[in-house]
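Structure first, commentary second.
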Amino acid sequence: MPAIYITTIINAPVERCFDLARSIDLHSFSMAHTGEKAIAGKTSGLINKGETVTWRATHFGIAQTLTSLITEVEYPVLFEDRMVKGAFKGFYHKHYFEQRGDQTVMKDEFVFESPLGIIGKFFNALVLTKYMERFLIKRNAILKHVAESDEWKKYI
């Protein structure tokens, strides 16, 4: 299964970064280019353990829905979401947070498996892994910008 690891340094308190990462509203804002919108489950505010969110978005020109369940929360250092329904065969996304002085180190671990056996593996190698990495980097850049400005107050 492909795995993506990203580290983002944010000049903001760990609690703010943790809550922004769980914000349905910020996620929707950061993914506006895909038309991503929460359509079921938790559709606004901060998502918590045991809650689900169903997203609708367009990727590769195809409208898709994906439902994630928050399976673990350790405030403010870790939360995990897992796909329970969607285009992937499966995935989990762990979000780690560590306060270092005036900065927060935010780490993502995103592990996924595509359907369609060997065809899915080929698609991962050629396209999907880089696509998902860019997707997460863009989201984190927006989260960083919001956390380091006064905009964070709109989302938590």
Can you tell me which condition LEU116 does not meet? The list is (1) in contact with a Phe, Trp or Tyr (Cβ under 8 Å, 6 or more places away or on another chain); (2) surrounded by fewer than 15 Cβ atoms within 10 Å (Cβ to Cβ); (3) in contact (Cβ under 8 Å) with a residue 24 or more places away in the chain, and all the others hold. (3)
Please verify whether ALA63 is surrounded by fewer than 18 Cβ atoms within 10 Å (Cβ to Cβ), touching a strand residue (DSSP E or B) at 6+ places or on another chain (Cβ under 9 Å) and on the phi < 0 side of the Ramachandran plot, treating the condition exactly as stated. yes
Within region 126-136, track down each residue that is under 21 Å from the mean Cα position of the chain (by Cα) and not β-branched (Val, Ile, Thr). LEU128, LYS130, TYR131, MET132, GLU133, ARG134, PHE135, LEU136
If the Cβ limit is 8 Å and pairs must be 6+ apart or interchain, which residue in region 123-141 that is under 20 Å from GLY90 (Cβ atoms) pairs with which residue that is at pLDDT 95 or above and of a type in the set (Asp, Glu)? LEU136/ASP108
Out of curiosity, is PHE97 touching a residue at least 24 places away in the same chain (Cβ under 8 Å) and in a helix (DSSP H, G or I)? no
What pairs come up if the first residue lies in region 42-62 and is closer than 15 Å to LYS85 by Cα, the second is modelled with pLDDT under 95 and of a type in the set (A, V, I, L, M), and their beta carbons are under 7 Å apart, counting only those six or more places apart or on different chains? ARG56/ALA63; ALA57/MET31
Picking from LEU143, LEU136, LEU69, LEU78, which residue would you name as being surrounded by 14 or more Cβ atoms within 10 Å (Cβ to Cβ), touching a helix residue (DSSP H, G or I) at 6+ places or on another chain (Cβ under 8 Å), of a type in the set (A, V, I, L, M) and at pLDDT 95 or above? LEU143
If you go through SER23, SER28, the only one that is crowded, with 16+ Cβ neighbours inside 10 Å, within 12 Å of the chain's Cα centre (by Cα) and free of Cβ contacts under 8 Å to residues at least 12 places away in the same chain is SER28
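Conditions tested, residue by residue: (1) acidic (Asp, Glu); (2) over 21 Å from SER149 (Cα atoms).
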site: THR7; (1), (2): no, no
site: ASP19; (1), (2): yes, no
site: SER30; (1), (2): no, no
site: ILE47; (1), (2): no, yes
site: ALA57; (1), (2): no, yes
site: PHE60; (1), (2): no, yes
site: THR65; (1), (2): no, yes
site: PRO76; (1), (2): no, no
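The values are calculated or read from the model by the stated rules, or taken from the named source; none is laboratory data. Just so it is clear, the model here is predicted, and its values are computed rather than measured. Heads up, the Cβs are rebuilt from the backbone with ideal geometry, glycines too, and the neighbour counts pull from every protein chain shown.
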